[in-house]
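Notes follow once the structure below has been shown.
We did not get these values from a lab; they are worked out from the coordinates using the rules stated. What you see is a predicted model, and the numbers here were worked out from it, not measured in a lab. Because the Cβ atoms are built from the backbone with ideal geometry, glycine has one as well, and the counts that use them run over all protein chains shown.
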Amino acid sequence: MKSFLRPLLVLFVALTVVTGVVYPAVVTAIGQAAFSHQANGSLIERDGHVVGSEIIGQQFDAPRYFWGRLSATTPNPYNAANSGGSNLGPTNPALVDEVKVRLTALHDADAGNVAAVPVDLVTSSGSGLDPEISPAAAAYQVERVAKARGMAIPDVESLVAQATSGRQFGLLGEPRVNVLKLNLALDQIVGR
């Protein structure tokens, strides 16, 4: 029995050290050396203070800001500790009610806008933390933001174009606009 247990215990300790100490230490060291910005949360700083992350959305609801996707996290929007979608199907009345509330908010903030509302402005993402919107969703909001900030529409459109990222490697994903980066760029031009 002793000859049977000893190799098992040695193997258990060895694998625990390799997978629980050595491997995480090596991966952490590589991440910090080669990808420190990403490994530390892709944080965005302004004036020495962290204002957010490139990869986690934030709540913006003032007319002077671009609005991101809805967040399905609870108890607070964009709660990274509670990431997850709403799991509401397209025929669920709760989803229909959520979309109606957001449509009303969008129309109340920009009553003159009669364009079709892009779907990503009225639905939440799978994680509930999506920091990006489609270029169409940004374009839908340009007039409202320009009016609220007293800016020319072409100037705001130019900022949207600068904040738009294309497909990764030219073929993966869709073009997208990071809402936090765009709103920070607006704040730099026209103060808060």
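With unit charges on the beta carbon (Lys/Arg positive, Asp/Glu negative), name the residue among Leu180, Ala109, Pro7 whose Cα is farthest towards the positive pole of the charge dipole of the chain.
Result: Pro7.
First select every other residue whose beta carbon is under 13 angstrom from the beta carbon of Glu174; then total the charges, Lys and Arg +1, Asp and Glu -1.
-1
Once you have the Cα-Cα distance between Asp108 and Glu54, take 0.36 nm times their residue separation minus that, and quote the gain in nm to one decimal.
Net length gain for the segment: 16.6 nm.
Report the full-extension gain for the segment Glu45 to Thr74: residue separation times 0.36 nm, less the Cα-Cα distance, to one decimal in nm.
7.9 nm
Which of (1) 43; (2) 47; (3) 56 is the computed percent of Cα pairs over 23 Å apart for the structure on display?
(3)
Tell me, what is the FRET efficiency for Ala33 and Ile153 to the nearest 0.05, using R0 = 45 angstrom and their Cβ-Cβ distance as r?
In this case the efficiency is close to 0.50.
What distance in nm lies between label points placed 7 Å from Cα along the C-beta direction at Ser83 and Val22?
3.0 nm
Going by Cα centres, the range 1-64 and the range 124-192 are how many Å apart?
Cα centroid to Cα centroid, the span is 30 Å.
Peptides 93-106, 32-45: what's the order by average Cβ count within 10 Å, highest mean first?
In descending order of packing, they fall as 93-106, 32-45.
Counting helices only, and only those DSSP H runs with n ≥ 4, report the 222 nm mean residue ellipticity of the chain as the sum of -39,500 (n - 2.57) divided by its residues, in deg cm²/dmol to the nearest 500.
-14000 deg cm²/dmol
If we count other beta carbons within 10 Å of each Cβ, what is the order of Ser83, Ser127, fewest first?
Least crowded to most crowded, the residues run Ser83, Ser127.
Taking 8 Å as the Cα distance limit and 6 or more residues as the minimum spacing, I'd like the relative contact order of the range 25-158 as a percentage.
Once divided by the residue count of the range 25-158, the mean separation gives 27 percent.
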